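S.K.: I'd like to ask some things about the structure below.
The values are calculated or read from the model by the stated rules, or taken from the named source; none is laboratory data. A quick note: this is a predicted structure, and the numbers were derived from the prediction, not measured. Cβ placement follows ideal geometry from the backbone for every residue including glycine, while neighbour counts extend to all protein chains displayed.
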Amino acid sequence: MGSEFTCTLCGRCCNGFGRYITINQKIGGAYGCSLSLTKESFMAVLDPGRSDLFSDTSYQNEHPHACPFLRREDDERVICTIYRSRPVFCRDYLCCTGKVMRQDVLCGEMKGRRDLKTEDPGLQEEWICLKERYGSAADSDWKEEVRKALTTSGYKVIFYE
Ligand code: SF4
Ligand code: SF4
């Protein structure tokens, strides 16, 4: 069972980033940009072979708050056209921090620092108790307690590396 996060290229994490990422100027083949959330300035260069896709702004018409560099590649994939030169914030971002399995079936996805997306009512209830008891603990202690408690309840807990 893999312990690395696999991005499905759904594009959701970038759909609101038009509010924060601004293209300030075009300098030759590059774009001088800023990311207001972190006050980061960065130079973006389209990844090789992405010019035509970038010229098609239909995705922005459908998603007016999307990052200006986000494009739909096909029905399945929404991609970052400046992936190689994306800002540090985007490089560090992980939408899921781990998953909870039972008998090889995915029961829940851990998001952010202490959130869980699950359809399993028992797991949901146990998660709420865990958050109440250990939510303010250091990350390493929190992970340890989550792993211990959910393993005892018959789940397998995988934190992404
Ligand atoms: S990081 Fe997560 S939200 Fe963003 S595109 Fe990948 S799977 Fe979707
Ligand atoms: S720069 Fe790329 S990774 Fe960052 S928000 Fe825009 S599309 Fe997403």
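S.K.: So, in the range 97-147, how many residues would count as being under 21 Å from the mean Cα position of the chain (by Cα) and of a type in the set (Asp, Glu)?
M.R.: So the count comes out to 4.
S.K.: Now for a different question. Where residues in the range 27-71 are among the β-branched types (Val, Ile, Thr) and either at pLDDT 95 or above or in a strand (DSSP E or B) (or both), which of them is nearest to the chain's Cα centre (by Cα)?
M.R.: VAL45
S.K.: Report, by residue number, each residue of the range 124-161 that is of a type in the set (A, V, I, L, M, F, W, C) and in contact with a Phe, Trp or Tyr (Cβ under 7 Å, 6 or more places away or on another chain).
M.R.: TRP142 - this is the single residue of the range 124-161 that is of a type in the set (A, V, I, L, M, F, W, C) and in contact with a Phe, Trp or Tyr (Cβ under 7 Å, 6 or more places away or on another chain).
S.K.: Moving to a separate point now. Taking the residues in the range 70-88 that are within 13 Å of ligand 1 (Cβ to nearest atom) and hydrophobic (A, V, I, L, M, F, W, C) as candidates, determine which candidate is farthest from THR8 (Cα to Cα).
M.R.: Initial filter on the range 70-88 (within 13 Å of ligand 1 (Cβ to nearest atom)): 70-73, 76-80, 83, 86.
Subset that is hydrophobic (A, V, I, L, M, F, W, C): 70, 78-80.
Working: LEU70: 14, VAL78: 9, ILE79: 10, CYS80: 13 Å.
In this case the residue turns out to be LEU70.
S.K.: Using beta carbons and a limit of 9 Å, which pairs, at least six apart or on different chains, have the first residue in the range 7-23 and more than 9 Å from ligand 2 (Cβ to nearest atom) and the second one part of a helix (DSSP H, G or I)?
M.R.: CYS7/CYS13
S.K.: OK, next. Given (1) surrounded by 13 or more Cβ atoms within 10 Å (Cβ to Cβ); (2) over 30 Å from GLU119 (Cα atoms), identify the lone condition not met by GLY28.
M.R.: Only one criterion in (1) surrounded by 13 or more Cβ atoms within 10 Å (Cβ to Cβ); (2) over 30 Å from GLU119 (Cα atoms) is unmet by GLY28, namely (1).
S.K.: Quick one: which of ASP141, ASP104, ASP92 is within 16 Å of ligand 2 (Cβ to nearest atom), surrounded by fewer than 12 Cβ atoms within 10 Å (Cβ to Cβ) and of a type in the set (Asp, Glu)?
M.R.: Only one candidate qualifies: ASP92.
S.K.: Give just the number: which of (1) in contact with a helix residue (DSSP H, G or I) (Cβ under 7 Å, 6 or more places away or on another chain); (2) within 30 Å of LEU46 (Cα to Cα) does VAL100 not satisfy?
M.R.: Only one criterion is unmet by VAL100, namely (2).
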